[in-house]
Every structure is written in structure tokens, then in C-alpha cells.
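Just below is one structure, and these are the notes that go with it.
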Amino acid sequence: MIPSIQLGGIKVKFSLLFPAMLTVLCMQSGGQLTAICLLAAVMHECGHLIVLCCVRNRPKEIRFSAFGMCLLLQETPMRYRQQVLVALGGPAVNLLTAGFLFAFAGVSDTAGIHLLLGLMNLLPIWPLDGGQCLPSSRISNIISRAFLTVLTAFSLYVATLGNVSLLAVSGYLWFRNLTKK
């Protein structure tokens with residue numbers, strides 16, 4: 001980890017793999033697509049932050065890693081309804097942005113990235129936002145792993161076409177899912 005900083009009483013941490021991943025992505029896409037993806041991810045996290053403020057809570061920490069950004073919440077308990085609203089805040093921002101862009105700018109890479117980021121995060125796979133909306137139970141674990149299996153099969157197909165990024169995300173999600181507390 002790179003030494004953390006404090007912004008408004010919130011700890012912000014950067015993994016060493018975050019700048020490494022950005023470098024690799026910039027080398028592959030010339031940087032423009034990476035910048036669009038990073039902006040979409042920041043907007044996604046801002047959606048979570050806005051809803052957190054609305055339910056009178058705040059994050060304890062924001063982490064930047066090779067697989068994106070993550071908000072770690074305070075230990076302050078929230079009702080299940082509040083947790084669902086916070087989880088849905090990020091995808092809502094991406095889907096609203098995609099809709100706005102499609103309506104006023106037509107089909108574009110930026111609109112597509114927002115749409116994919118919003119939809120991907122709605123999948124009922126823990127730790128994605130959709131998975132965090134599932135009540136904690138044995139059945140939600142089964143649902144999460146079933147969707148993750150389908151995603152992994154699809155990512156294997158996409159990998160045969162030459163793109164392994166979704167396969168890397170699937171591997172990361174399996175790791176997080178199997179090591180879930």
C-alpha cells in the first residue's frame with residue numbers, strides 16, 4: 001500500500017497495483033478509454049457517497065486497487081433498506097448517465113461504459129452492489145455463486161475472442177466470494 005491520505009476525515013488508500021493497472025490500461029488503449037472508465041468509476045462511487053450522506057452516514061475509508069474503487073463503511077449500523085439504497089446509488093448514477101448520454105449524444109463509448117458498469121454492478125454476485133442487496137443467507141450465497149458461474153463461463157468465451165479482462169474480474173470475484181466473512 002502507498003501511504004494513505006485523509007480527505008474530510010475519510011482515509012483514502014491506494015494499492016501499488018492501482019497505478020500499475022492504470023499504466024497497463026493506458027498503454028493498451030492510448031489513455032482515452034482508461035480516462036473514461038476511471039471517470040465512470042469515480043461517478044459510481046460518488047453515487048454511493050451521495051446516498052450515504054442522505055442516510056446520514058459516511059465512509060470510513062476509500063480504497064483504490066487494481067480492480068477499482070471500494071468504499072468501506074463505518075461500523076455504524078444501517079437498516080437493510082438503507083444498505084440497499086446505498087448499494088444501488090452507484091449503479092443508478094451510471095445508468096442515469098448512460099440514459100442521458102444515449103438520449104442526447106447517441107451511441108458512444110462513454111455511454112456504453114456507463115451502461116456496462118451500472119449493469120455489471122447490479123448482478124447478484126457478492127461483493128458487487130447487486131450482491132450486497134441480497135439478504136445474508138445460505139440461499140443468497142447459492143444465488144451469488146450461480147450467477148458468478150454463468151459470468152465465468154461467459155468470460156471464458158470472451159477470453160477465446162482475445163479479451164481476458166472479464167476473466168480477470170471473474171477470478172477476483174471468485175476470490176472475494178470464497179473468502180467472504
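The values are calculated or read from the model by the stated rules, or taken from the named source; none is laboratory data. The shown structure was predicted, so the numbers you read here are calculated from the model rather than taken from an experiment. Reconstructed Cβ throughout: ideal geometry from the backbone, glycine too, with neighbour counts over all protein chains shown.
Can you tell me which residues in region 101-126 are loosely packed, with under 14 Cβ neighbours inside 10 Å and touching a residue at least 12 places away in the same chain (Cβ under 8 Å)?
The answer is D109, and nothing else.
Considering only region 127-143, state which residues are of a type outside the set (D, E), surrounded by 13 or more Cβ atoms within 10 Å (Cβ to Cβ) and not in a loop (DSSP other than H, G, I, E, B).
G130, G131, Q132, S140, N141, I143, listed by residue number.
May I ask you to verify whether A40 is at negative phi and touching a His at 6+ places or on another chain (Cβ under 8 Å)?
yes
Checking K180 against (1) basic (K, R); (2) loosely packed, with under 13 Cβ neighbours inside 10 Å; (3) modelled with pLDDT of 90 or more, which test does it fail?
(3)
Return the residue satisfying two criteria in turn: it lies in region 59-87 and is of a type in the set (D, E, K, R) and outside any helix (DSSP H, G or I), and of such residues it is nearest to L173 (Cα to Cα).
Of everything passing the filter in region 59-87, R63 is nearest to L173 (Cα to Cα).
Can you tell me which residue among L151, L95 is buried (at least 19 other Cβ atoms within 10 Å of the Cβ) and outside the structural domain of C53 (by TED's automatic domain parsing)?
Sole residue among the options that is buried (at least 19 other Cβ atoms within 10 Å of the Cβ) and outside the structural domain of C53 (by TED's automatic domain parsing): L151.
Given the conditions (1) over 22 Å from Q83 (Cα atoms); (2) surrounded by fewer than 18 Cβ atoms within 10 Å (Cβ to Cβ); (3) touching a residue at least 40 places away in the same chain (Cβ under 8 Å), report the number of the one that T160 does not fulfil.
(3)
Hey, L85 hits all of (1) more than 25 Å from I36 (Cα to Cα); (2) of a type in the set (A, V, I, L, M); (3) not assigned by TED's automatic domain parsing to the domain that holds L33 but one; which does it fall short on?
It is condition (3) that L85 fails.
Being in contact with a strand residue (DSSP E or B) (Cβ under 8 Å, 6 or more places away or on another chain) and of a type in the set (A, V, I, L, M) is the filter here, so list the residues in region 22-51 that pass it.
Within region 22-51, A41, V42, L49 meet the criteria.
Out of curiosity, is L85 within 18 Å of the chain's Cα centre (by Cα) and surrounded by fewer than 17 Cβ atoms within 10 Å (Cβ to Cβ)?
no
In region 5-58, how many are in a strand (DSSP E or B) and surrounded by 15 or more Cβ atoms within 10 Å (Cβ to Cβ)?
4
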